[in-house]
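A.B. asks: So that we are looking at the same thing, I have put the structure below in structure tokens.
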Amino acid sequence: MTEQSWGSPHAATGQALRPATGQALGVAVIGYSFMGRAHSNAWRNVGAFYPDVPAVRMDTLVGRDEAALEAAAAELGWARTATDWREVVERNDIDVVDVCTPGHLHAEVALAALAAGKHVLVEKPLANTVADCERLVAAASAPGAGRSMLGHNYRRVPALALARDLIARGRIGDVRQVRLAYLQDWLADADAPMTWRLRKETAGSGVLGDLGSHAVDQLHFLLGEPVSAVRGELRTFVTERPGEDGDASGELEQVTVDDAAWATLHTPSGVVASLEVSRMATGRKNSLMIEVYGTTGSIRFDLERLNELEVCEVGEGPVQGPTRVLVTEADQPYAGAWWPPGHVLGWDSTFTSQAADLLRAIGTGEQIHPSFADGLAVQRVLEAIETSSARGGIPLDVAP
């Protein structure tokens with residue numbers, strides 16, 4: 001991997017589309033459900049908290065169900081709606097295309113938008129396969145393409161951005177080991193109905209792609225280096241579930257993705273990381289736990305307490321316990337754009353900061369992270385974990 005793939009500033013190599021001075025960028029969001037709502041909230045608020053970035057115009061919300069789409073657009077603040085995303089990405093008044101569809105549509109929509117010269121934001125994972133990710137990386141660097149960015153919003157959590165800075169500055173010494181666990185429980189009930197996230201043809205994979213992509217991206221982000229080898233295991237605990245309309249028909253549908261996954265990850269510098277992800281962890285709602293252990297200190301984070309970072313640094317004498325840092329000070333990453341010190345941020349704020357980073361890069365032409373190349377690197381790790389599991393948990397190298 002080149003240095004720029006892991007977050008270093010780098011001048012843009014492609015041409016960034018820039019509207020005339022004072023002209024707002026027209027934004028279209030493709031998808032209006034969970035992620036579409038989160039991204040819509042970000043586009044609505046980004047100018048208020050980041051007045052230095054190019055202005056945006058919330059132009060078009062795209063979806064299939066016209067009645068639900070119209071209701072969502074009115075609620076979320078969109079000027080108009082459309083049911084044909086292909087027509088939208090070709091329009092001259094749309095500058096930014098934000099892809100919030102199920103994973104199997106990411107590549108098709110993003111490729112069309114890049115070919116049309118748009119700036120493109122794709123919600124994670126970049127695509128369901130390594131091959132599609134490779135196509136997207138190539139398209140993003142093609143002449144005439146706009147700026148492109150992958151939506152890993154946890155890079156914009158102030159505490160995690162601060163953790164990265166502390167690690168890079170050597171505050172905990174040389175990193176030896178990392179623990180990553182992303183746990184939810186919304187599928188713990190065996191009678192919970194089917195969803196597109198439980199079908200391989202739409203989701204690509206289960207919890208590995210859904211939550212594991214976040215965890216692997218954080219490992220890359222925090223350490224500044226890729227994963228080079230893995231050993232993995234996937235498990236589906238509930239193999240059949242009622243249809244999406246509940247149990248109206250009495251028929252069960254086959255679950256074709258994983259409910260939980262475990263892996264051991266290695267990096268070129270010798271760091272060993274353990275990974276656990278599950279949507280069956282009873283009592284865990286949205287807990288991304290990260291522990292980084294170095295030669296002279298450690299860092300601990302839990303998304304369910306996203307404004308806090310535990311930092312332990314070895315000084316003279318016995319090792320002291322961790323210090324709780326409330327990451328809300330104006331000089332800490334991202335925190336200064338929001339409220340006075342001590343006034344905590346929420347999960348939704350990370351999407352607004354993410355949109356600001358994209359807009360700033362559009363205005364300056366600078367390299368954006370996570371890039372599509374970063375998304376490809378994550379997908380290669382996820383594919384290796386899945387392959388390792390299918391082969392009985394054998395260790396596998398990850399393609400660079």
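A.B. asks: Which GluC sites (Glu not before Pro) in segment 281-344 pass both tests, a DSSP loop state and at most 11 other beta-carbon atoms within 10 Å?
C.D. replies: Glu316
A.B. asks: Of Lys200, Lys118, which has the most accessible area with a 1.4 Å probe, and how do the rest follow in descending order?
C.D. replies: My answer, sorted largest first, is Lys200, Lys118.
A.B. asks: Please report, to one decimal in angstroms, the Kirkwood hydrodynamic radius of segment 220-315 built from all distinct Cα-Cα pairs.
C.D. replies: 16.6
A.B. asks: Work out the length of the dipole vector of the chain about its Cα centre, built from +1 on the beta-carbon of each Lys and Arg and -1 on the beta-carbon of each Asp and Glu, and round it to the nearest 20 debye.
C.D. replies: Around 820 debye, computed over the chain.
A.B. asks: Next question, about the same structure. Classify segment 337-400: rounded, prolate or oblate, from the alpha-carbon gyration tensor (a ≥ b ≥ c, eigenvalue square roots; a/c under 1.5 rounded; otherwise prolate if a/b is larger than b/c)?
C.D. replies: oblate
A.B. asks: Could you tell me which of rounded, prolate or oblate describes segment 64-109, using a ≥ b ≥ c as the square roots of the eigenvalues of the alpha-carbon gyration tensor, with rounded for a/c under 1.5 and, failing that, prolate when a/b is larger than b/c and oblate otherwise?
C.D. replies: Judged from the Cα gyration tensor, segment 64-109 comes out oblate (a/c at least 1.5, b/c at or above a/b).
A.B. asks: Can you divide the C-alpha Rg of the chain by 2.2 N^0.38 Å and report the result to two decimal places?
C.D. replies: Compared with the compact-globule rule of thumb, the chain sits at 0.98.
A.B. asks: To continue, here is another question. Let's test this: bin the Cα-Cα distances of segment 151-284 at 10 Å from zero up to the farthest pair and state each bin's percent.
C.D. replies: Result, from short to long distances: 12, 36, 29, 16, 6, 1 percent.
A.B. asks: Heavy atoms only, 1.4 Å probe, whole protein assembly: order Tyr334, Tyr182, Tyr293 by accessible area, highest first.
C.D. replies: In descending accessible area the options line up as Tyr293, Tyr334, Tyr182.
A.B. asks: Report the one residue of Thr387, Ala260, Ala330 whose Cα lies farthest in the direction of the positive end of the charge dipole of the chain (charges on C-beta: Lys and Arg +1, Asp and Glu -1; origin at the Cα centre).
C.D. replies: Ala330
A.B. asks: Just going by the charge dipole of the chain, with Lys and Arg at +1 and Asp and Glu at -1 on Cβ, which of Ala355, His343, Gly294 is farthest out on the positive end?
C.D. replies: Going by the charge dipole, the pick is Gly294.
A.B. asks: Hydropathy first: keep DSSP H helices in the chain averaging at least -1.0 on Kyte-Doolittle, then drop any whose Cα extent along the axis falls short of 20 Å, and list what survives.
C.D. replies: Membrane-span-like by this criterion, though nothing is claimed about a membrane: 34-49, 347-364, 372-390.
A.B. asks: Can you tell me the relative contact order of segment 290-373? Whole percent, Cα pairs under 8 Å, sequence separation 6 or more.
C.D. replies: Across segment 290-373, relative contact order equals 15 percent.
A.B. asks: Shape of segment 96-231 from its Cα gyration tensor (a ≥ b ≥ c, root eigenvalues): rounded if a/c is under 1.5, otherwise prolate when a/b > b/c, or oblate?
C.D. replies: It is oblate, given that a/c is not under 1.5 and a/b is not larger than b/c.
A.B. asks: Sticking with this one: Explain nothing, just the number: relative contact order of the chain, from Cα pairs under 8 Å at least 6 residues apart, as a whole percent.
C.D. replies: It rounds to 22 percent for the chain.
A.B. asks: Could you work out the per residue convex hull volume over the alpha carbons of segment 128-178, in cubic angstrom?
C.D. replies: Residue-normalised Cα hull volume stands at 152 Å³.
The values are calculated or read from the model by the stated rules, or taken from the named source; none is laboratory data. Worth saying up front: this structure is predicted, and the values here are computed from it rather than measured. Note that each Cβ is placed from the backbone with ideal geometry, even for glycine, and that neighbours are counted across all protein chains shown. Ligands, DNA and RNA are excluded from the accessible area calculation, which covers all protein heavy atoms including side chains. Shrake-Rupley method; radii C 1.70, N 1.55, O 1.52, S 1.80 Å.
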